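The next block holds one structure in the form of structure tokens; read it before the comments.
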Amino acid sequence: MLIEKTMNRSYLSNTYLVADRPSGHAVLIDSGGPTGPILKRVEELQIHVTHLLCTHHHGDHVANNAEYVSRFSCAVCGHAAERELFGGLDRELADGEELIAGGLRIRALHVPGHTVGQLAYRVNESDVFTGDT
């Protein structure tokens, strides 16, 4: 598994690119970090981005959703409780629900508190991405 991270220093919010392998599949987790390094890495690795997984709806975590969707036609995913706050979702994820992207198996974990629909994502039973949890 390959993991790349960018961070918006103003908000300390991150974007993670998680790929199964070079020339394989990947997901993005949150979109608040700078896009340039992520886009460069996607091109270098020649990977196919399938999903944009949102931990929650706050602006510093979804700031670049539209750019990634435009470039990759990836599905925006989040918790149903925040559907309207996102302005809609392509896929709603419930607690324990899994999605597959190539060799990545991702489980959504509902961890409300920071927001009502806060999600964390466990990838391949080894790494957990938590947003502001």
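The values are calculated or read from the model by the stated rules, or taken from the named source; none is laboratory data. From a predicted model like this one, the values you see are computed outputs, not experimental measurements. When we count neighbours, we look across all protein chains shown, and the Cβ atoms used for this are built from the backbone with ideal geometry, even at glycine. Keep in mind that these areas ignore ligands, DNA and RNA; they rest on the heavy atoms of the full protein, side chains included. Shrake-Rupley method; radii C 1.70, N 1.55, O 1.52, S 1.80 Å.
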Inset, instruction - Within segment 11-18, identify whether any single residue is on the phi > 0 side of the Ramachandran plot, part of a loop (DSSP other than H, G, I, E, B), of a type in the set (A, V, I, L, M, F, W, C) and more than 10 Å from the chain's Cα centre (by Cα), and answer yes or no. - result: yes
Inset, instruction - Restrict the check to segment 81-97 and report whether at least one residue is in contact with a helix residue (DSSP H, G or I) (Cβ under 6 Å, 6 or more places away or on another chain), within 25 Å of LEU12 (Cα to Cα) and surrounded by fewer than 14 Cβ atoms within 10 Å (Cβ to Cβ). - result: no
Inset, instruction - Select from segment 65-93 the residues that are in a loop (DSSP other than H, G, I, E, B) and in contact with a strand residue (DSSP E or B) (Cβ under 7 Å, 6 or more places away or on another chain) and list them in ascending order. - result: CYS74, HIS79, LEU89, ASP90, LEU93
Inset, instruction - For segment 19-39, enumerate the residues that are at negative phi, small (Gly, Ala, Ser) and surrounded by fewer than 22 Cβ atoms within 10 Å (Cβ to Cβ). - result: GLY24, GLY36
Legend entry - Hey, VAL76 open to solvent by less than 60 Å² (accessible area, probe 1.4 Å), more than 16 Å from VAL128 (Cα to Cα) and aliphatic (A, V, I, L, M) or not: yes
Inset, instruction - Pull up segment 1-18, narrow it to residues that are open to solvent by 10 Å² or more (accessible area, probe 1.4 Å), hydroxyl-bearing (Ser, Thr, Tyr) and more than 21 Å from SER73 (Cα to Cα), then point me to the one that is modelled with the lowest pLDDT. - result: TYR11
Inset, instruction - Please find, among VAL69, VAL42, the residue that is of a type in the set (Val, Ile, Thr), open to solvent by 30 Å² or more (accessible area, probe 1.4 Å), touching a residue at least 12 places away in the same chain (Cβ under 8 Å) and under 18 Å from THR15 (Cα atoms). - result: VAL69
Legend entry - Top-ranked residue of segment 79-118 - restricted to ones that are in contact with a Pro (Cβ under 9 Å, 6 or more places away or on another chain) and either hydroxyl-bearing (Ser, Thr, Tyr) or touching a residue at least 40 places away in the same chain (Cβ under 8 Å) (or both), ranked as nearest to GLY131 (Cα to Cα): GLN118
Legend entry - Extreme residue, farthest from HIS51 (Cα to Cα), among residues of segment 19-40 that are part of a strand (DSSP E or B) and within 12 Å of the chain's Cα centre (by Cα): ALA19
